[in-house]
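Colleague: I have a structure here, written as structure tokens, and I will follow up with some questions on it.
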Amino acid sequence: MKIAFLADPLTGFKTYKDSTYAMMVEAARRGHAVYAFEQKDMAFERGAVVANAARITLTGDAIDWYRAEAQAAMPLTGFDAIVKRKDPPFNMEYIYATYLLELAEAKGAHIFNKPDALRNHNEKLAILQFPEFIAPTLVTSDEARLRAFHYEHKDIILKPLDGMGGAGVFRIKEEGLNLGSIIETLTANGEQTIMAQRFIPEIALGDKRILLIGGEVVPYALARIPQAGEVRGNLAAGGTGVAQPLSPRDREIAQTLAPILWARGLLLVGLDVIGDYLTEVNVTSPTCFQEIAQQTGFDVAAMFIAAIEKKI
């Protein structure tokens with residue numbers, strides 16, 4: 001097959017931990033031709049969606065890891081599969097890209113995750129569709145409601161709806177230190193909607209990333225344990241990743257959501273679970289493939305490419 005990866009610049013990949021790199025390695029190992037292009041490389045012209053894509057060959061070197069042929073304008077329908085791995089920000093350029101991908105999809109292109117599913121699943125707000133699995137949660141831009149939520153629950157988390165890697169996440173304890181200032185900053189003085197959640201003490205044991213692939217559950221989670229003095233377990237925020245088997249509650253959440261999200265066109269999903277509570281549904285570019293594989297021997301990338309092969 002010809003598999004194209006819509007990703008961030010290849011020069012920025014950290015091959016020792018990058019999940020997209022692991023996907024490419026596995027695709028090449030299975031004999032598939034690997035292509036890459038960026039969001040800005042796409043265009044609609046002469047009635048079709050095309051991309052300036054380059055075929056790449058992997059070298060096996062951790063630093064100088066690929067060779068790229070010259071870019072050529074190729075119709076997206078010319079690929080057997082397109083894997084969208086563009087990291088947030090989930091801004092208007094990202095939205096425009098999904099519209100172009102959707103046009104290509106209508107002409108027969110196979111895109112993972114589906115463009116409309118990416119638009120329809122905000123990674124913070126998607127948890128509200130599964131209220132039986134979430135901690136007490138408030139979504140609003142109203143300061144009075146946020147203050148009342150803090151008064152009720154005493155210890156809360158406030159976070160923006162468009163962040164990644166733990167950016168903009170604040171914990172407010174019972175004394176409410178700087179509550180007003182934080183609310184003003186995150187809501188832009190009441191103009192932007194944010195999320196408030198009751199603080200979950202089990203964050204000390206890790207923010208667990210659980211991967212769903214093609215409606216199936218990866219049997220290990222990566223618990224991202226916050227560094228001292230932090231409430232964010234994200235690896236980008238300095239958390240330490242520890243792979244572990246799923247708990248019964250993890251499995252209940254994952255097995256409930258996996259077939260639902262796969263039916264909506266989400267081949268790859270990263271659930272975030274703290275303690276017994278679902279906190280995020282990541283669909284843009286879920287990670288942790290390599291950490292899980294390195295610590296458990298379970299080949300997540302092989303499961304992912306196999307799921308694409310099965311679907312195609």
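Colleague: From zero up to wherever the largest Cα-Cα distance of segment 90-167 sits, split into 10 Å bins and tell me the percent of pairs in each.
Modeller: 14, 35, 28, 16, 6, 0
Colleague: Output the 0 to 90 degree angle, nearest 10, between the alpha-carbon long axis of helix 248-263 and the longest principal axis computed from the alpha carbons of the chain.
Modeller: Here the helix axis deviates by roughly 50 degrees.
Colleague: For each pair in Lys14/Lys173; Lys86/Lys310; Lys86/Lys311, compute the distance between the two Cα atoms and list the pairs where it is over 28 Å.
Modeller: The pairs that break the limit, which is 28 Å between Cα atoms, are Lys14/Lys173.
Colleague: Can you put Thr98, Thr296 in order of accessible area, largest first, using a 1.4 Å probe?
Modeller: Descending order: Thr296, Thr98.
Colleague: Let me ask something else about it. Between Glu230 and Thr185, take the C-beta separation as r, use R0 = 22 Å, and let me know the FRET efficiency to the nearest 0.05.
Modeller: Calculated value: 0.70.
Colleague: Ok, one more. How many Å² of accessible area per residue for segment 107-170, probe 1.4 Å?
Modeller: The answer is 46 Å² per residue.
Colleague: Sticking with this one: Just list whichever of Lys40/Lys159; Lys40/Lys84; Lys124/Lys208 have alpha carbons separated by over 18 Å in the model shown.
Modeller: Check vs 18 Å cut-off fails for Lys40/Lys159.
Colleague: Starting at 0 and stepping by 5 Å, how many percent of the alpha carbon pairs of segment 212-269 end up in each bin?
Modeller: Spelled out per bin, shortest first, that is 5, 20, 19, 17, 19, 14, 5, 1, 0.
Colleague: What do the square roots of 5 times the Cα gyration tensor eigenvalues come to for segment 157-275, in whole Å, largest first, as semi-axes of the equivalent ellipsoid?
Modeller: So the three semi-axes of segment 157-275 are 28, 18, 12 Å.
Colleague: Would you work out which of Ala106, Ile63, Thr193 lies farthest towards the positive end of the dipole of the chain, given +1 charges on the beta-carbon of Lys and Arg and -1 on that of Asp and Glu, about the Cα centre?
Modeller: Ala106
Colleague: Still on this structure, I have one more. Determine the sum of side-chain charges near Phe90: Lys and Arg each +1, Asp and Glu each -1, restricted to other residues whose C-beta is under 11 angstrom from that of Phe90.
Modeller: So the surrounding residues net to -1.
Colleague: Tell me, what is the percent relative contact order of segment 14-88, built from C-alpha pairs under 8 Å that lie six or more residues apart?
Modeller: 24 percent
Colleague: Suppose a student asked you for the relative contact order of the chain, using Cα pairs under 8 Å spaced at least 6 residues apart; what percent would you report?
Modeller: The normalised contact order for the chain reaches 18 percent.
Colleague: What dipole magnitude, in Debye to the nearest 20, does the chain give about its Cα centre under +1 on Lys/Arg Cβ and -1 on Asp/Glu Cβ?
Modeller: It works out to roughly 560 debye.
Colleague: Once R0 is set to 25 Å, what does the formula 1/(1 + (r/R0)^6) return for the Cβ-Cβ distance between Ser141 and Asp116, expressed as a FRET efficiency to the nearest 0.05?
Modeller: The pair Ser141/Asp116 has a calculated efficiency of 0.45.
Colleague: Extending each Cα 7 Å along its Cβ direction at Thr296 and Asn178, get the distance between those two points in nm, one decimal.
Modeller: Inter-label distance under the simple model: 3.6 nm.
Colleague: Treat each spin label as a single point 7 Å out from the Cα along the C-beta direction, and report the Leu205 to Arg251 distance in nm.
Modeller: Distance between the two pseudo-spin positions: 1.6 nm.
Colleague: Looking only at Glu45, Glu69, Glu143, which one moves most when the chain is put into a Gaussian network model with springs between Cα atoms under 10 Å?
Modeller: It is Glu45.
Colleague: Specify, per residue and in Å³, the volume enclosed by the convex hull of the alpha carbon atoms belonging to segment 242-282.
Modeller: Hull volume over Cα atoms, normalised by residue count, gives 78 Å³.
Colleague: Only one of the listed values, (i) 1.12; (ii) 1.19; (iii) 1.03, was derived from the coordinates as Cα Rg over 2.2 N^0.38 Å; which label is it?
Modeller: (iii)
Colleague: Counting pairs of alpha carbon atoms under 8 Å apart in space and at least six apart in sequence, what relative contact order in percent does segment 66-185 give?
Modeller: Contact order relative to length: 21 percent.
The values are calculated or read from the model by the stated rules, or taken from the named source; none is laboratory data. Since we're looking at a predicted model, the values are computed, not measured. Here the Cβ is made from the backbone with ideal geometry for all residues, glycine too, and neighbour counts use every protein chain on show. Areas reflect the complete protein model, heavy atoms only, side chains present, ligands, DNA and RNA absent. Shrake-Rupley method; radii C 1.70, N 1.55, O 1.52, S 1.80 Å.
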